[in-house]
Amino acid sequence: MIIGANTSKNFFDDLDEKQIQQCGIDLRVWKIFKIEGEGTLDFSNEKRKLPNYVEIFNSEKDESITLDRGIYVVKVADYMKIPENVAGFAYPRSSLLRMGATIYSAVHDPGYEGRPEYLMHVFNPIKIYRYARIAQIVFIECRDVKGVYEGIYKGK
Ligand SMILES: O=c1ccn([C@H]2C[C@H](O)[C@@H](COP(=O)(O)OP(=O)(O)OP(=O)(O)O)O2)c(=O)[nH]1
């Protein structure tokens, strides 16, 4: 069952009331990066190497940015702490989709804490203002969880 926003808002520190939706939490843009170079992915993660991220926008310093068609990595501004029996699933806001852009997200594991990064695909130029709400995350209770997330993205 989805954990309602009146509970999941407690997985974050200082949310703005506007971010608290009916059953999810809207997530804000913090930084936007262009991807430079290629990544490397294998089975064991031994050879895993992320490409370079070139920061092109920072909500702490910049007012807005117009993104041309292409792909970007977006770092979320909101720090979350996911309980050990909960997983998170993030989706683009429908307004973002209506503007011809989307985000792609993976699973947010039980026990994860940090500011997630999403792949943003812009099909139609879009102007993003500082701390724009681009995604909504919903949390689902998990049974029979096999441990908690302790990987390299924890706490970042
Ligand atoms: O789109 C997403 C989805 C999740 N996360 C965060 C929460 C999640 O718990 C953590 C790790 O995600 P995942 O398990 O998919 O990472 P991985 O590529 O499998 O690396 P690892 O080997 O560290 O698990 O990253 C993101 O930053 N972006």
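Each reported figure results from applying straightforward, stated rules to the coordinates on display, with no laboratory input. All figures in this text were calculated on a predicted structure; none of them were measured in a lab. Cβ sites come from the backbone with ideal geometry, for glycine too, and all protein chains shown count toward neighbours.
Take the Cβ atoms of Glu17 and Asn85, set R0 to 22 Å, and the FRET efficiency comes out at 0.25. Taken over segment 47-90, the convex hull of the Cα atoms encloses 155 Å³ per residue. Here's the picture: charge each Lys and Arg Cβ at +1 and each Asp and Glu Cβ at -1 in the chain, and of Ala5, Gly70, Ala87 the one pushed furthest to the positive end of that dipole is Gly70.
Look at the alpha carbon pairs under 8 Å that are at least 6 residues apart: their mean separation over the length of segment 79-156 gives a relative contact order of 42 percent. Measure up Lys9/Lys75; Lys47/Lys127; Lys18/Lys156; Lys61/Lys156; Lys49/Lys127 against 28 Å on the Cα-Cα distance and list the ones that go over. Violating the 28 Å limit, Cα to Cα: Lys47/Lys127; Lys49/Lys127. By the count of other C-beta atoms within 10 Å, a proxy for reagent exposure, Lys34, Lys18, Lys146 are ordered fewest to most as Lys146, Lys18, Lys34.
For the chain, what is the calculated [θ] at 222 nm in deg cm²/dmol (nearest 500), taking -39500 (n - 2.57) for each run of four or more DSSP H residues and dividing by its residue count?
Helix-only estimate at 222 nm: -1000 deg cm²/dmol.
Rounded to the nearest 20, the size of the Cβ-charge dipole of segment 1-48 about its Cα centre is 60 debye, with Lys and Arg at +1 and Asp and Glu at -1.
Semi-axes, largest first, in whole Å: what does sqrt of 5 times each Cα gyration tensor eigenvalue give for segment 78-132?
Working: eigenvalues 131, 27, 14 Å².
Semi-axis lengths for segment 78-132 are 26, 12, 8 Å.
The protection proxy used here, the mean number of other Cβ atoms lying within 10 Å of each residue, ranks peptides 35-42, 123-130 as follows, highest first: 123-130, 35-42. Of the chymotrypsin sites (Phe, Trp or Tyr not before Pro) in segment 1-51, the ones in a loop by DSSP (not H, G, I, E or B) with at most 16 other beta carbons within 10 Å are Phe43.
Temperature 4 °C, viscosity 1.567 mPa s: under these conditions the Stokes-Einstein estimate for the chain, based on its Kirkwood radius over C-alpha pairs, is 79 µm² per second. Since only Leu15, Phe57, Gly111 are under comparison, the one whose Cα sits farthest along the positive direction of the charge dipole of the chain, derived from C-beta charges on Lys, Arg, Asp and Glu, is Phe57.
Backbone amide hydrogens, once placed in the peptide plane, bring Trp30 within less than 5 Å of Lys75, Val76, Ala77, excluding anything fewer than 5 places away on its chain. Rounded to the nearest whole Hz, the Karplus-based 3J(HN,Hα) values (6.51 cos²θ - 1.76 cosθ + 1.60, θ = phi - 60°) of segment 76-81 follow the sequence 6, 7, 8, 7, 10, 10, with x at glycine and proline.
Applying both filters, DSSP loop and at most 16 other Cβ atoms within 10 Å, to the GluC sites (Glu not before Pro) of segment 44-112 gives Glu46, Glu60, Glu63, Glu84.
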